[in-house]
Amino acid sequence: MEPRDGSVYFYGEGRDSYHRSAKTQAKLEEAATALKQIAKSGRKVLFVATKKQAKDIVAEQVKKVNMPYVTERWPGECLPIFQPSGRR
């Protein structure tokens, strides 16, 4: 993987910091399609954005579509732990 060839982008330092931009783009499109289907079916999606750079953007956009969101960190015990439906 060479960052100079344009097929990857570099973020941070270290061996694991190279990412394939084409694969990332494909997965983002796949996630967007899945989210659209979930929203169209009337189900809710919980959006979580705790990084400073994303908090305001996510809150603003999610309010427009009336979905729940979290922009502050919270202890793990605050969210209920759901058992998989197959084990009930």
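What to note about this one:
- Residue, modelled with the lowest pLDDT, within the stretch 5-42, restricted to residues that are assigned to a helix (DSSP H, G or I) and among the polar types (S, T, N, Q): 17
- Taking each residue of the stretch 42-65 that is over 16 Å from residue 32 (Cα atoms) and not assigned by TED's automatic domain parsing to the domain that holds residue 32 and looking for partners that are exposed (fewer than 10 other Cβ atoms within 10 Å of the Cβ) and at pLDDT below 90 with beta-carbon atoms closer than 9 Å, six or more apart or interchain, yields 50/72; 50/73; 55/72.
The values are calculated or read from the model by the stated rules, or taken from the named source; none is laboratory data. This structure is a prediction, so every number in the text was calculated from the model and none was measured. Don't worry about glycine lacking a Cβ; one is built from the backbone with ideal geometry, like all the others, and counts go over all protein chains shown.
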